[in-house]
Ligand code: SF4
């Protein structure tokens with residue numbers, strides 16, 4: 001690589017790092033994810049997302065106005081071919097406190113699930129239980145997961161298409177066993193940025209298909225649908241993500257979220273009904289207008305916007 005190319009690559013990496021750091025910092029602040037004295041257990045799978053999460057959290061820790069501890073945890077599920085030395089070597093190298101938990105859930109899953117059936121549901125249930133137990137043993141106050149903006153959108157569509165619910169992945173919630181606070185500090189980060197960052201930082205990625213189980217087909221289909229929209233309709237992803245943060249219960253039909261039965265002309269409303277007319281929608285998706293990065297990357301010619 002020439003000197004100029006090296007300088008350009010470093011410049012781009014710095015920009016990417018700043019953007020991710022800003023996204024994580026914003027999510028932490030918006031949802032009060034990390035508090036003074038917290039011990040954050042960062043779940044590390046060896047994939048791009050969790051490496052990025054750990055990297056950015058460690059970086060933020062150095063300049064944060066509060067004190068919090070980080071412990072990285074990886075669960076070695078004994079999948080054939082799992083390179084058990086990769087994560088310990090990486091984690092020792094960066095000097096972070098870490099724990100590798102070894103539990104042969106692979107054999108349990110193979111034993112219990114008939115050949116040809118999807119193993120993910122039992123596998124992830126077992127993994128969850130082990131990670132909750134580990135968090136307790138370590139005295140962790142929060143469990144941090146590497147899900148990002150695109151995971152949240154995919155989950156929203158999966159729940160709408162298959163589950164009949166408008167429900168996504170929350171940035172912060174109590175775990176299903178009621179014992180832990182789960183946080184997703186990458187909630188505002190784009191998968192594309194994380195991908196580029198992981199490549200540039202040369203994280204020693206461990207492939208996620210070691211167990212040989214087929215990928216969740218429905219999730220893959222939704223992912224491809226979103227990627228296709230992203231190419232064809234600039235700003236749509238950003239706009240949908242904004243929509244998830246901008247819910248107007250009076251304009252949905254969930255009786256439990258809005259008291260339609262008790263509605264009077266004096267009820268305080270953020271928006272009213274336009275009665276005979278359908279509501280006008282902006283010609284340019286709001287996510288495109290508000291996202292310089294997306295706007296710069298996309299062709300925003302009027303023709304394309306009209307198609308969107
Ligand atoms: S892909 Fe494999 S390791 Fe991952 S949840 Fe499914 S069965 Fe478990």
- Query: For residue 162, are the conditions met, namely being farther than 21 Å from residue 38 by Cα and away from the ligand (no atom under 16 Å from the Cβ)?
  - Reply: yes
- Message: Step by step: first the residues of the range 55-88, then only those that are part of a helix (DSSP H, G or I) and either touching a residue at least 60 places away in the same chain (Cβ under 8 Å) or within 15 Å of the ligand (Cβ to nearest atom) (or both), then the one that is surrounded by the fewest Cβ atoms within 10 Å (Cβ to Cβ). Which residue is that?
- Response: 86
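Conditions (1) within 30 Å of residue 117 (Cβ to Cβ); (2) in contact with a helix residue (DSSP H, G or I) (Cβ under 7 Å, 6 or more places away or on another chain); (3) away from the ligand (no atom under 16 Å from the Cβ), marked per residue:
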residue	(1), (2), (3)
204	no, yes, yes
208	yes, no, no
224	yes, no, yes
227	yes, no, yes
234	no, yes, yes
268	no, no, yes
- Only one of 262, 212, 216 that is on the phi < 0 side of the Ramachandran plot, at pLDDT below 85 and either within 16 Å of the ligand (Cβ to nearest atom) or more than 18 Å from the chain's Cα centre (by Cα) (or both): 216
- If you go through the range 170-177 one residue at a time, do you hit one that is in a helix (DSSP H, G or I), surrounded by 18 or more Cβ atoms within 10 Å (Cβ to Cβ) and at negative phi? no
- Criterion: without any contact (Cβ under 8 Å) to a residue 40 or more places away in the chain and either in contact with a strand residue (DSSP E or B) (Cβ under 7 Å, 6 or more places away or on another chain) or assigned to a loop (DSSP other than H, G, I, E, B) (or both) - qualifying residue of 283, 243: 283
- Flag for residue 300 being modelled with pLDDT under 85, farther than 30 Å from residue 115 by Cα and not in a helix (DSSP H, G or I): yes
- Across the range 89-108, what is the number of residues that are within 14 Å of the ligand (Cβ to nearest atom), free of Cβ contacts under 8 Å to residues at least 40 places away in the same chain and either outside the structural domain of residue 203 (by TED's automatic domain parsing) or outside any loop (DSSP other than H, G, I, E, B) (or both)? 3
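The values are calculated or read from the model by the stated rules, or taken from the named source; none is laboratory data. Just so we're clear, the structure is a prediction, and the values are computed from it rather than from any experiment. All Cβ positions, glycine included, derive from the backbone under ideal geometry; neighbour counts span all protein chains shown.
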